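A.B. asks: Structure in structure tokens, see below.
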Protein chains: 2
Amino acid sequence: MKRTHYSKDITPDMNGSTVVINGWAHEIRDFGGLSFLIVRDREGLVQVTMPKKKVAKEIIDTVKGLSRESVVSVKGEVKAMEKAPNGYEVIPTAVEILARSEAPLPLDPTGKVPADLDTRLDSRFMDLRSPEVTAVFYVRAYMIRGIREYLSSQGCLEISTPKIVATATEGGTELFPISYFEREAFLNQSPQLYKQMMMAGGMDRVYEIGPIFRAEEHATRKHLNEATSIDVELSFATHEDAMQLLENTVAYAYAYVKERCRPQLKALNLDLQVPGTPFKRLSYREAIEIARQDPECAGLEYGDDLSTQAEHVVGQAIGEHYFIVDWPANIRAFYSQPCDDDPSICKAFDLMHPRMELASGAQREHRYERLVKKMVEKNLDPESFKFYLDSFRYGMPPHAGWGMGAERLLQTMLNLNNIREAVLFPRDRVRLTP
Amino acid sequence: MKRTHYSKDITPDMNGSTVVINGWAHEIRDFGGLSFLIVRDREGLVQVTMPKKKVAKEIIDTVKGLSRESVVSVKGEVKAMEKAPNGYEVIPTAVEILARSEAPLPLDPTGKVPADLDTRLDSRFMDLRSPEVTAVFYVRAYMIRGIREYLSSQGCLEISTPKIVATATEGGTELFPISYFEREAFLNQSPQLYKQMMMAGGMDRVYEIGPIFRAEEHATRKHLNEATSIDVELSFATHEDAMQLLENTVAYAYAYVKERCRPQLKALNLDLQVPGTPFKRLSYREAIEIARQDPECAGLEYGDDLSTQAEHVVGQAIGEHYFIVDWPANIRAFYSQPCDDDPSICKAFDLMHPRMELASGAQREHRYERLVKKMVEKNLDPESFKFYLDSFRYGMPPHAGWGMGAERLLQTMLNLNNIREAVLFPRDRVRLTP
């Protein structure tokens, strides 16, 4: 039977009308003279009520014979009913079984029997049926939709750049090698070089939301070997322009989700706060000073990378989204542009959530000779980056941009413990299936 | 100087106002008392006019000293001028050189000196500056935007599935192997298995627009080794539902581009016709019969794949988008569902443009035992697809879907000769850079 409504689209004022819902047998309860079937679809739950006196015996028997999580199509009459979950119930006139579920289930999608994350990921198809997990990926889709909408409104064109590349973005570490016909190639770690070439191509403002691949060996709650990167590059722009676009993008995504995903946020028991803009700007020097107040970070010196603990300490102190700016040039990528007055500092920035780094970016070095010099200083061979460097020789505009981890944005937005909860089918050192 | 307007946003009725434009020195012409600088940005051209009597000597000297394709920022006054390209010109009050171009250029972006495709792709950053090439990728961004908008309006949620996988979608051919830490893995040929698992997960209607990878060795004008696939999967849907969504998606994308990319279509000299829906449905048997009328295809028999020549002959005969349906089950993928009345035929379809295949899809076999049987018949080992097959055991709804090549859709929409013209940085057997 063809679906007429999702659960959320049925309301008590449809009292008396006929609907068809399709979904899973979430719960079956039998009280003798009265039995219930709770049908779950992507949008929520519907209570199908079967008083023995009003519903045909075949229907009641069919439902009683159902295994949990079987797929059903139910036709019935809407009855307004204050005590029911959404103020209505459905009295069935026909029930069709579309697929029977085996028992026992590999996981309990009602969440009453808790399972650890690995077990959940092993049976992700079943885990996804839990309303809290559905909600995460529902929000993810809207978060991405909001970001695209905002970036488009700001004149950014969506591009797709190659994932199979000949050269590493930032040198030879953390790469997955591929056999590409007779040659060796690599999975791209970032669209960085390609989006910069688009600036030389006159595409002005671009964005890409796509997979990136990093062969990091260590497993943490915030790293993935395959992640989704939200990349932006802007011509005729400074790092300050890029930071403004970034903070506005984040705030827009929060507001978009808050407005459009109310039932999902409720399922996650979350009162989402849209961050205020502009975000605080903290210099790298200030960040180091704050971190040093923590005994574990007392040894931290100017010029060191910020450790996870240092990020944690600073995040706790700030308590909201913030930028770290004015980074020492020698700990940032070769393509970051040094400051005009003090070239030991560069125009790079990181966007931080109190829990972790979300994005990093910079005004780029667009002057060919200086870029080559930087590359040599970082022990990179300009010859193997010729395809990239050539694009700086014939009119490369000043430009700036950033890359943000979509999973980290979702993880911090929804306060998920592990980044793997923000990916449908995560990839890490040990996990290659499903 | 901070840009105030793109070229397209300046109009003759802004006569007298001050603007700042940023872009490339597309052409420089000097007639003694009068010289011109044509500035090109992503949106078009601006004529900067410099009468010797009205413009400061330093500005005129600066412009005369410019090499073509240098990057400039021009501040000036808008002057309505019927004879100028867009009905206005700009009289400069300040010109800043942001980046000088070396000479000679690797390519001529005005298109006056033609170059073959390989040369163009070698210097793609310069090729992109030609207004016709900019137009292709401008349209691509809008085509994708329109498709997302339409699919979202139809209740589809965007998902991201892994590109690094342990098993081939349809068996072991045409795969790129990856070294994944201690193991061998592969680049995914299609999100097929994952989007089907999302149906078991209750996500109901999903889409993904992302990269797919095929190690096809032969080079043609319509094949890529890395392409963008537009994938859709729908629960509680038949192949006919999937075909309707597909034809409507294509028509919507055409209409979206036609309305929003007028200057780009003009640059490409294209009068885009939005295809009418529904598209014609042709059975596989009918297609074979039409193809056989061509001497080259006379030997084609029922059960053969359609050759490129056969596709061409049928495409010429039909002359517009069409579907081929009622395929012999044994030449389609294992996950296509056989017809109920004649299991030698299956519920698969291909969407054809007169020039080539654009998409293929099917109602899927959602019944576990039958699916396993099909797999064995196709010499696939169910054990290595366990992660996929398990999702069919606990309530898999009936479902249908399709995958469409984004580059083929763009190539046929814009009548591009070679599919490489529809990709920023194409990958084929010989091309791995830029």
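A.B. asks: Modelled label-to-label distance, residue B:330 and residue A:307, 7 Å Cα→beta-carbon offset: nm?
C.D. replies: 6.7 nm
A.B. asks: How far is helix A:308-318 tilted, in degrees, relative to the longest principal axis of the Cα atoms in chain A, given as a value from 0 to 90 rounded to the nearest 10?
C.D. replies: Computed tilt is about 80 degrees.
A.B. asks: How do B:378, B:112, A:347 rank when sorted from fewest to most other Cβ atoms within 10 Å of their own Cβ?
C.D. replies: Working: B:378 14, B:112 6, A:347 24.
With the fewest neighbours first, B:378, B:112, A:347 line up as B:112, B:378, A:347.
A.B. asks: Shifting gears a bit: Report, for residue A:152, each distance to the same residue's label point in the other copies, shortest first and in nm; define the point 7 Å along Cα→Cβ.
C.D. replies: 0.6
A.B. asks: Follow-up. If the range A:7-99 were replaced by its equivalent ellipsoid, with semi-axes equal to the square roots of 5 times the Cα gyration tensor eigenvalues, what would those be, largest first, whole Å? Walk me through the numbers on the way to the answer.
C.D. replies: On the way: eigenvalues 65, 46, 27 Å².
Three semi-axes, in Å: 18, 15, 12.
A.B. asks: Hey, for residue A:80 with labels 7 Å out along Cα-Cβ, what do the inter-copy distances come to in nm, ordered shortest first?
C.D. replies: The answer, with the shortest distance listed first, is 6.1 nm.
A.B. asks: Hey, another quick one. Along the range B:176-192, what does the Karplus equation 6.51 cos²θ - 1.76 cosθ + 1.60 (θ = phi - 60°) give for ³J(HN,Hα), rounded to whole Hz, x for Gly and Pro?
C.D. replies: Running phi through 6.51 cos²θ - 1.76 cosθ + 1.60 with θ = phi - 60° gives 8, x, 10, 8, 9, 6, 7, 10, 9, 9, 9, 7, 5, 7, 5, x, 2 Hz.
A.B. asks: Using just the Cα positions, wrap the range A:164-224 in a convex hull and report its mean projected area in square nanometres, one decimal place.
C.D. replies: Working: hull surface 21.8 nm².
In nm², the orientation-averaged hull projection of the range A:164-224 is 5.5.
A.B. asks: If you draw the axis that swings chain A onto chain B, which residue of A has its Cβ closest to it, and how far is that in whole Å?
C.D. replies: Result for the axis mapping A onto B: A:178, 3.
A.B. asks: Give me the tail of P(r) for the protein assembly as shown as a percent: Cα-Cα pairs with distance above 41 Å.
C.D. replies: On the way: 152781 of 376278 pairs.
Result: 41 percent of Cα pairs exceed 41 Å.
A.B. asks: Another question, if that's okay. Give me B:393, A:262, A:140 ranked fewest to most by other Cβ atoms within 10 Å of their Cβ, as a rough exposure proxy. Mind showing how you got there, number by number?
C.D. replies: Details: B:393 18, A:262 11, A:140 27.
Neighbour counts put them in this order, fewest first: A:262, B:393, A:140.
A.B. asks: With r as the distance between the Cβ atoms of residue B:52 and residue A:430 and R0 = 60 Å, compute the FRET efficiency 1/(1 + (r/R0)^6) and round to 0.05.
C.D. replies: Values: r = 73 Å, r/R0 = 1.22.
The formula returns an efficiency of 0.25 here.
A.B. asks: Going by amide H atoms built from the backbone, whose H comes under 5 Å of the H on residue A:336, apart from near neighbours?
C.D. replies: Amide H neighbours of residue A:336, under 5 Å, 5+ apart: A:365.
A.B. asks: Jot down the radius of gyration and Dmax of chain A, Cα atoms only, both in angstrom.
C.D. replies: Taking only Cα atoms of chain A, I get Rg and Dmax of 26.5, 86 Å.
A.B. asks: For a quick check of your reading of the filter: which GluC sites (Glu not before Pro) in the range A:78-168 sit in a DSSP loop and have no more than 10 other Cβ atoms within 10 Å?
C.D. replies: Values: sites: A:82, A:89, A:96, A:102, A:132, A:149, A:158; in loops: A:82, A:102.
Qualifying residues, ordered by number: A:82.
A.B. asks: Can you put A:136, B:206, B:372 in order of Cβ neighbours within 10 angstrom, beginning with the fewest? Numbers along the way, then the final one.
C.D. replies: Numbers: A:136 22, B:206 29, B:372 17.
So the residues, fewest neighbours to most, are B:372, A:136, B:206.
A.B. asks: Sticking with the crude label model, points 7 Å out along Cα→Cβ, report the distance from residue B:86 to residue B:166 in nm, one decimal please.
C.D. replies: For residue B:86 paired with residue B:166, the spin-label model returns 5.6 nm.
A.B. asks: While we're looking at this one, here's another question. For a quick check: with amide H placed at 1.01 Å from N, whose amide H comes under 5 Å from residue A:158's, ignoring anything fewer than 5 positions away on the same chain?
C.D. replies: Amide H neighbours of residue A:158: A:207.
A.B. asks: How many angstrom separate the Cα center of the range B:259-293 from the Cα center of the range B:365-434?
C.D. replies: 23 Å
A.B. asks: Right, here's the next one. Using a Gaussian network for chain A with springs between C-alpha atoms less than 10 Å apart, which of these wobbles most: A:362, A:80, A:406?
C.D. replies: A:80
A.B. asks: Connecting C-alpha atoms closer than 10 Å in a GNM of chain B, tell me which of B:280, B:195, B:57 has the biggest fluctuation.
C.D. replies: B:57
A.B. asks: Now for a separate question. How far is helix B:239-260 tilted, in degrees, relative to the longest principal axis of the Cα atoms in chain B, given as a value from 0 to 90 rounded to the nearest 10?
C.D. replies: Value to nearest ten degrees: 0.
A.B. asks: With the label 7 angstrom out along Cα to Cβ, how close does residue B:248 come to the same site in each of the other copies, in nm, nearest first?
C.D. replies: Computed spacing set for this position: 3.4 nm.
A.B. asks: Quick one: what are the phi-derived ³J(HN,Hα) couplings along the range B:84-92, Karplus 6.51/-1.76/1.60 with θ = phi - 60°, whole Hz, x for glycine and proline?
C.D. replies: Each residue's phi maps through the Karplus curve to give 6, x, 10, x, 8, 9, 10, 9, x Hz.
A.B. asks: Something else: Could you please state, rounded to a whole Å, how far the C-alpha centre of the range B:231-250 is from the C-alpha centre of the range B:1-74?
C.D. replies: Cα centroid of the range B:231-250 versus Cα centroid of the range B:1-74: 50 Å apart.
A.B. asks: Which of A:351, A:98, A:380 ends up with the largest GNM mean-square fluctuation for chain A, with Cα atoms connected below 10 Å?
C.D. replies: The residue with the greatest mean-square fluctuation here is A:98.
A.B. asks: Right, here's the next one. Please list 3J(HN,Hα) in residue order for the range B:21-34, calculated via the Karplus relation 6.51 cos²θ - 1.76 cosθ + 1.60 where θ = phi - 60°; whole Hz, with x for glycine and proline.
C.D. replies: My calculation for the range B:21-34 gives 10, 10, x, 10, 6, 6, 8, 10, 10, 10, 10, x, x, 9 Hz in order.
A.B. asks: Any idea how far apart residue A:97 and residue B:277 come out in nm if each label point goes 7 Å out from Cα toward Cβ?
C.D. replies: The answer from the label model is 3.6 nm.
FYI, it's all coordinate maths here, none of it is from the lab. Values in this document were obtained by computation on a predicted structure and should not be read as measured data. Every residue, glycine as well, gets a Cβ built from its backbone with ideal geometry; the counts of neighbours run over all protein chains shown.
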